[in-house]
Amino acid sequence: HASTGLGLGKDYFYQLRVTTGIACAYNNVEFDNCEISGFTSSGINLNNSSKAPTGITVHHNYIHHNTIKALGYGVVFGHAYATISYNMFNYNRHSIAASGWKDSGYVANYNIEMGESIGHYFDMHGGSDRKDGTTIAGEYVYMHNNSFLGSWQPYVLRGIPTDYQNFEYNVVFEVPAFYGERLQKYQGTVLTNVKIGKNIWNIISGNKKVSTGLSN
């Protein structure tokens, strides 16, 4: 029997065995100097729906090959806050992802995204993803001093943070126009609490450009 041209959606993949490397629901936990790979759901899962943990740090790890359609995260957040620093990421669906609850947020800095992925690298879901009738996409996301060495978007706006989202002092593979409007717009509207500061763009061409905002 042969099956050709089937389109298998997320409901199919959710029925498969999904695995998580480390699950954490506690404050002030440190994950460092680990190699984390080969998990279908997530390498690290941070979540406590009773009270979001704080003070978590994820640093100096190599997090790679955590991939499956509709899941596949390096570090994923439910209700939690963390700082994610000095990691190398590769071959994750999203290297950092979050459900976007109002009691969640992260700082991602000094990471190297090595470029291979099946989706944008950093992520924060919005209310439409959760289907909860809101537009909330977490409390805050601050991405600075990261290197994105591939052509996927460094992130995509999927809702509105309750506080802010900043993206600055990063090194980015392509020119801003390559990535489309979803770096700064949600449903076609520029968000006033989303800032794109000074970044280095277009390193792929050798004609790199330092610019503030999305000017090409």
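Pairs are defined by a Cβ separation below 6 Å, a sequence spacing of at least 6 or placement on different chains, a first member in the range 130-149 that is under 14 Å from Asn199 (Cα atoms), and a second member that is of a type in the set (A, V, I, L, M); the pairs so defined are Tyr142/Val107; Met143/Ala108; Ser147/Ile112; Ser147/Val171; Phe148/Val172; Leu149/Met114.
Counting only residues that are touching a residue at least 40 places away in the same chain (Cβ under 8 Å) and either crowded, with 24+ Cβ neighbours inside 10 Å or more than 18 Å from Asp123 (Cα to Cα) (or both), how many does the range 53-72 have? Counting residues in the range 53-72 that are touching a residue at least 40 places away in the same chain (Cβ under 8 Å) and either crowded, with 24+ Cβ neighbours inside 10 Å or more than 18 Å from Asp123 (Cα to Cα) (or both) gives 2.
Among strands (runs of 3 or more DSSP E) entirely within the range 151-198, having at least 1 residues that are over 21 Å from Glu116 (Cα atoms) and modelled with pLDDT of 95 or more singles out 164-168, 194-196.
Take the conditions (1) hydroxyl-bearing (Ser, Thr, Tyr); (2) in a strand (DSSP E or B); (3) under 15 Å from the mean Cα position of the chain (by Cα); Ser211 misses just one of them, which is (3).
For the range 53-75, how many residues are part of a strand (DSSP E or B) and touching a strand residue (DSSP E or B) at 6+ places or on another chain (Cβ under 8 Å)? Summing the residues that are part of a strand (DSSP E or B) and touching a strand residue (DSSP E or B) at 6+ places or on another chain (Cβ under 8 Å) in the range 53-75 gives 13. Return a yes/no flag: does the range 205-214 have any residue that is in contact with a helix residue (DSSP H, G or I) (Cβ under 6 Å, 6 or more places away or on another chain), surrounded by 16 or more Cβ atoms within 10 Å (Cβ to Cβ) and not β-branched (Val, Ile, Thr). Checked against the condition, which is being in contact with a helix residue (DSSP H, G or I) (Cβ under 6 Å, 6 or more places away or on another chain), surrounded by 16 or more Cβ atoms within 10 Å (Cβ to Cβ) and not β-branched (Val, Ile, Thr), the range 205-214 yields at least one hit. Among residues that are crowded, with 18+ Cβ neighbours inside 10 Å and acidic (Asp, Glu), Glu168 is not included. Among the residues of the range 15-38, those identified as within 22 Å of Tyr81 (Cα to Cα), of a type outside the set (S, T, N, Q) and touching a strand residue (DSSP E or B) at 6+ places or on another chain (Cβ under 7 Å) are Gly21, Ile22, Ala23, Cys24, Val29, Glu30, Phe31, Asp32, Glu35, Ile36.
Taking the criterion of being among the small types (Gly, Ala, Ser), buried (at least 20 other Cβ atoms within 10 Å of the Cβ) and closer than 15 Å to Ile63 by Cβ, the only residue of the range 109-149 that qualifies is Ser117. Taken over the range 85-111, the residue count meeting the criterion of being more than 12 Å from the chain's Cα centre (by Cα) and under 11 Å from Ala52 (Cβ atoms) is 4.
The values are calculated or read from the model by the stated rules, or taken from the named source; none is laboratory data. Since we're looking at a predicted model, the values are computed, not measured. No Cβ is skipped: glycine too gets one built from the backbone with ideal geometry, and neighbour counts run over all protein chains shown.
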